[in-house]
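Accompanying notes for the structure given below.
The values are calculated or read from the model by the stated rules, or taken from the named source; none is laboratory data. Computed from a predicted model, the values in this text were never measured in an experiment. Don't worry about glycine lacking a Cβ; one is built from the backbone with ideal geometry, like all the others, and counts go over all protein chains shown.
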Amino acid sequence: MIPFKDISIQDKMMVQTYTLTSNRRNCDLSFANLYSWRFLYHTQVAEQDGFLLIKFRIDGKAAYMMPVGDGDLHAALRAMKEDAEREGDVFCMYGVCSHMRADLEEAAPDCFTFTADRDYYDYIYLRNDLATLRGKRYQPKRNHINRFLRSYPDYEYRDLTPDLVPECLQLAGHWLRQNETTEEECRELEDEHRSLTDALLHFDALGLSGGVLHVGGRIVAFTFGAPINANTFDVCVEKADVTVEGSYTMINYEFANHIPEQYSFVNREEDLGLEGLRKAKLSYYPEILLEKWAAVCKK
């Protein structure tokens, strides 16, 4: 039986022993995400036979991530399938990327049905592209930045530190009130707000890095994230006051210039099928649009 336990802050080192040394770049493996979304997905973790195993719940049913680590993948899959069957559920995994799918098909041929979901593809960029905005294709972004600099010449970028968290939460609350529309969107945005609040309140313990823009003595934008692996940094959250024109473009640009250079890639996560968000993420020309599948056991 797999020794699953509810994820806690104390699991950070154990989880990152596997994730930071892996070649996986999907945002689902950021410890900050695993921890701050635990309230919604009832996330659990376990170590077994050389693998990190991650279990969660979707609509009350057990679901899993692809095992992370080295060992007998076929045996790990069999143990997870047995765990799902004890729950009375069909064994399924989410966030299965291209190379993971190949590994699955080799370890368990013809055992899974794969379904892609474009809304959950990750947008992964070269950090250098975001930090320099060089070339003709980024001219509109440079124009936004130049307008911001003309309008707010005295702006200041600061590293996000725990003492700035209360003001960031104030801005996040204001953003939430301005963006709630349908009942379903309200629920999703409130879940996101709960996740980012939890992350900010555990800023140091989660090993987060972030930045804020100060204009006129107040924070008008903030962002934060954490490493996924040794060369990929995950931007978990980015919020800005849309009345301050160019604030989103500027916080993106500044933060990219402050992410340590060891991170060649920046994962800016999914678009969730939101038309405006998809357009915005595509406008930064991702180096990789990371496909992700649900893998459902056939029997």
message: Given (1) free of Cβ contacts under 8 Å to residues at least 12 places away in the same chain; (2) within 14 Å of GLU156 (Cα to Cα), identify the lone condition not met by THR243.
response: (2)
field: Single match in ASP103, ASP83 (criterion: acidic (Asp, Glu), modelled with pLDDT under 95 and more than 15 Å from the chain's Cα centre (by Cα))
entry: ASP103
- request: Please go through the stretch 74-99 and pick out each residue that is more than 19 Å from TYR41 (Cβ to Cβ) and surrounded by 20 or more Cβ atoms within 10 Å (Cβ to Cβ).
  value: ALA76, LEU77
task: Restrict the check to the stretch 112-128 and report whether at least one residue is in contact with a helix residue (DSSP H, G or I) (Cβ under 8 Å, 6 or more places away or on another chain), in a loop (DSSP other than H, G, I, E, B), farther than 25 Å from GLU269 by Cα and in the same structural domain as LYS61 (by TED's automatic domain parsing).
output: no
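Each row is one residue, and each column tells you yes or no for (1) in contact (Cβ under 8 Å) with a residue 40 or more places away in the chain; (2) in contact with a strand residue (DSSP E or B) (Cβ under 9 Å, 6 or more places away or on another chain).
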{"position": "ILE9", "(1), (2)": "yes, no"}
{"position": "THR19", "(1), (2)": "yes, yes"}
{"position": "THR43", "(1), (2)": "no, yes"}
{"position": "LYS55", "(1), (2)": "yes, yes"}
{"position": "PRO67", "(1), (2)": "no, yes"}
{"position": "GLY95", "(1), (2)": "yes, yes"}
{"position": "ALA107", "(1), (2)": "no, no"}
{"position": "PHE112", "(1), (2)": "yes, yes"}
message: Can you pull out every residue in the stretch 27-63 that is among the aromatic types (Phe, Trp, Tyr) and either over 17 Å from the mean Cα position of the chain (by Cα) or not in a strand (DSSP E or B) (or both)?
response: PHE31, TYR35, TRP37, PHE39, TYR41, PHE51
query: Does at least one position in the stretch 70-90 carry a residue that is in a strand (DSSP E or B) and either free of Cβ contacts under 8 Å to residues at least 60 places away in the same chain or more than 20 Å from LEU34 (Cβ to Cβ) (or both)?
result: no
Check on TYR138, modelled with pLDDT of 95 or more, part of a helix (DSSP H, G or I), within 30 Å of THR19 (Cβ to Cβ) and over 15 Å from the mean Cα position of the chain (by Cα): no
- prompt: Of the residues in the stretch 275-299, how many are out of contact with any Cys (no Cβ under 9 Å at 6 or more places or on another chain) and either β-branched (Val, Ile, Thr) or within 19 Å of SER98 (Cα to Cα) (or both)?
  reply: 4
Checking ASP110 against (1) among the acidic types (Asp, Glu); (2) exposed (fewer than 12 other Cβ atoms within 10 Å of the Cβ); (3) at pLDDT 95 or above, the condition it does not meet: (3)
